[in-house]
Amino acid sequence: MTSAAQRDRRLAGLEVYRVGGAVRDDRLGWPVYDNDWVVVGATPEMLRKRGFKPVGRDFPVFLHPETHEEYALARTERKSGHGYVGFSVHASPDVSLEDDLARRDLTINAMAETPEGELVDPYGGLADLKARVLRHVSQAFVEDPLRVLRTARFLARYAGLGFVIAEETQALMMELSRSGELEHLAAERVWVETEKALGEPQPEAYFHALSACDALCVLMPELVAAGEASLETALARLHEIPLSGSPSVAHWRYARLVEHLTPEARQCLAERLRLPKVVAQLARHSAASHRLLEHGRRGEVTVEAIMAWLNNLDGWRKPQQIEDQLAFIECQQPHLAEHVQRAWQAARGVEPRDLLAAGYKGGELGEALKRKRRDAVAQALSSSA
């Protein structure tokens with residue numbers, strides 16, 4: 001860690017520690033992009049006088065006026081309701097660093113450093129980091145159901161390094177899953193954690209961890225209802241995604257995860273997670289491509305199949321959606337992608353204005369447009385056969 005914090009005059013006289021993910025990843029040798037800090041023995045007024053800007057109303061967190069890094073007053077939390085928001089927060093100068101670290105989820109996230117780089121590790125985080133173990137800090141783990149998802153997400157990030165979930169932590173995750181607390185999690189929070197996990201190096205580990213502690217059947221029952229073999233096949237697809245196009249890696253992976261579900265099950269899951277419209281739409285489009293790929297595997301790519309695909313993707317109004325799915329098809333069946341690309345370009349070349357000039361209008365124009373596009377696709381497939 002640089003000595004910038006030591007030289008910062010705004011921090012002079014304050015007991016400040018770098019905490020959490022920055023300490024963890026620095027010790028792992030991973031890049032650190034953001035620093036979070038805890039201030040012990042201070043009050044909100046002390047930070048305001050030094051120019052720090054308060055963030056939100058529920059927690060005593062402040063932004064540094066120059067670095068914009070977060071500085072939180074040391075605090076403790078007490079369970080006062082259901083879900084991850086059911087906590088009362090106590091922040092005061094008498095809360096110690098050890099008290100603050102005790103409220104954190106995993107030991108590897110409960111380490112701190114002084115501005116000089118001296119490690120403060122009251123709960124054995126460094127030992128667990130070296131042993132590649134994800135272990136809860138205390139029994140307070142069960143007070144926050146979101147920690148089930150967070151632990152699974154950290155496994156998705158670090159499984160490639162050999163990390164595993166400690167047996168006793170796995171038992172607490174199971175306890176939380178069976179307690180009914182997971183049902184109080186806001187759908188948006190479940191999606192946020194899932195989206196982050198889908199962007200990690202081994203996203204399948206997230207779903208395996210949730211399944212192992214019976215959380216997946218609570219949070220995403222549609223994936224479980226399709227059967228274990230179906231889920232394993234879906235998880236194996238998560239790394240088979242386009243490397244170009246507008247959708248993000250996480251969104252592509254979600255689409256691949258659910259492409260085999262029935263339209264009804266896929267819609268139920270989208271509503272359960274309150275998915276952003278762009279993600280739900282990508283999932284629908286990828287399911288349409290999945291059906292076209294099945295036709296390709298059977299050697300049954302017909303004019304009707306391609307026209308149904310083009311219409312489902314609304315390619316006439318939004319051609320980028322076609323291009324994105326063509327990239328998806330290409331990474332599965334390059335030969336099929338070539339045929340579909342030719343058919344798409346041929347159909348796209350049919351201009352409504354030419355039909356208007358020929359005297360078509362109203363309903364006749366729509367029917368003629370469909371017929372001409374179908375003929376163009378048929379011709380393209382015939383020439384590429």
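See the values below:
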{"quantity": "Those residues of region 338-373 which are touching a helix residue (DSSP H, G or I) at 6+ places or on another chain (Cβ under 6 Å), of a type in the set (K, R) and open to solvent by 60 Å² or more (accessible area, probe 1.4 Å), in sequence order", "calculated": "R342"}
{"quantity": "Any hit, region 187-203, residues being surrounded by 15 or more Cβ atoms within 10 Å (Cβ to Cβ), touching a strand residue (DSSP E or B) at 6+ places or on another chain (Cβ under 8 Å) and part of a helix (DSSP H, G or I)", "calculated": "no"}
{"quantity": "Unique residue being aromatic (F, W, Y) and either on the phi > 0 side of the Ramachandran plot or over 15 Å from the mean Cα position of the chain (by Cα) (or both) when the list is F163, F154", "calculated": "F163"}
{"quantity": "Count - residues of region 198-217 that are over 13 Å from L146 (Cβ atoms), hydrophobic (A, V, I, L, M, F, W, C) and touching a residue at least 12 places away in the same chain (Cβ under 8 Å)", "calculated": "6"}
{"quantity": "Residue count for region 310-319, restricted to those that are open to solvent by 50 Å² or more (accessible area, probe 1.4 Å) and either assigned to a helix (DSSP H, G or I) or among the aliphatic types (A, V, I, L, M) (or both)", "calculated": "2"}
{"quantity": "Of all residues in region 6-22 being assigned to a helix (DSSP H, G or I) and either open to solvent by 10 Å² or more (accessible area, probe 1.4 Å) or closer than 17 Å to G41 by Cα (or both), the one that is modelled with the highest pLDDT", "calculated": "G21"}
{"quantity": "Pairs where the first residue, in region 13-36, is within 23 Å of A127 (Cβ to Cβ) and the second is open to solvent by less than 30 Å² (accessible area, probe 1.4 Å) and aromatic (F, W, Y), C-beta under 7 Å, 6+ apart", "calculated": "Y17/W37; R18/W37; V19/W37"}
{"quantity": "Residue, least open to solvent (accessible area, probe 1.4 Å), within region 260-274, restricted to residues that are without any contact (Cβ under 8 Å) to a residue 40 or more places away in the chain and more than 17 Å from the chain's Cα centre (by Cα)", "calculated": "L261"}
{"quantity": "Residue that is nearest to A234 (Cα to Cα) [pool: residues in region 283-309 that are in contact with a Phe, Trp or Tyr (Cβ under 8 Å, 6 or more places away or on another chain) and either open to solvent by 20 Å² or more (accessible area, probe 1.4 Å) or free of Cβ contacts under 8 Å to residues at least 40 places away in the same chain (or both)]", "calculated": "A283"}
{"quantity": "Of all residues in region 226-251 being open to solvent by 40 Å² or more (accessible area, probe 1.4 Å) and without any contact (Cβ under 8 Å) to a residue 40 or more places away in the chain, the one that is nearest to F328 (Cα to Cα)", "calculated": "H239"}
{"quantity": "Subset tally (residues that are over 18 Å from A380 (Cα atoms) and open to solvent by 10 Å² or more (accessible area, probe 1.4 Å)) for region 320-329", "calculated": "4"}
{"quantity": "Count - residues of region 56-83 that are farther than 18 Å from V95 by Cβ, open to solvent by less than 70 Å² (accessible area, probe 1.4 Å) and at pLDDT below 90", "calculated": "3"}
{"quantity": "Tabulated pairs, region 93-108, first more than 23 Å from F154 (Cα to Cα) and in contact (Cβ under 8 Å) with a residue 60 or more places away in the chain, second open to solvent by less than 40 Å² (accessible area, probe 1.4 Å) and of a type in the set (V, I, T), C-beta under 8 angstrom, 6+ apart or interchain", "calculated": "L97/V38; L97/V40; L97/V120"}
{"quantity": "Helices (runs of 4 or more DSSP H) enclosed by region 320-385 - at least 3 residues per element that are within 19 Å of A308 (Cβ to Cβ)", "calculated": "334-348, 362-384"}
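Let's see how each residue does on (1) among the acidic types (D, E); (2) at pLDDT 95 or above; (3) open to solvent by 20 Å² or more (accessible area, probe 1.4 Å):
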| position | (1), (2), (3) |
| --- | --- |
| V142 | no, no, yes |
| R147 | no, yes, yes |
| F154 | no, yes, no |
| F207 | no, yes, no |
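The values are calculated or read from the model by the stated rules, or taken from the named source; none is laboratory data. As the structure is a computational prediction, the values presented were derived from the model and not from experiment. Don't worry about glycine lacking a Cβ; one is built from the backbone with ideal geometry, like all the others, and counts go over all protein chains shown. We work out accessible area using only protein heavy atoms, side chains counted, and drop any ligands, DNA or RNA first. Shrake-Rupley method; radii C 1.70, N 1.55, O 1.52, S 1.80 Å.
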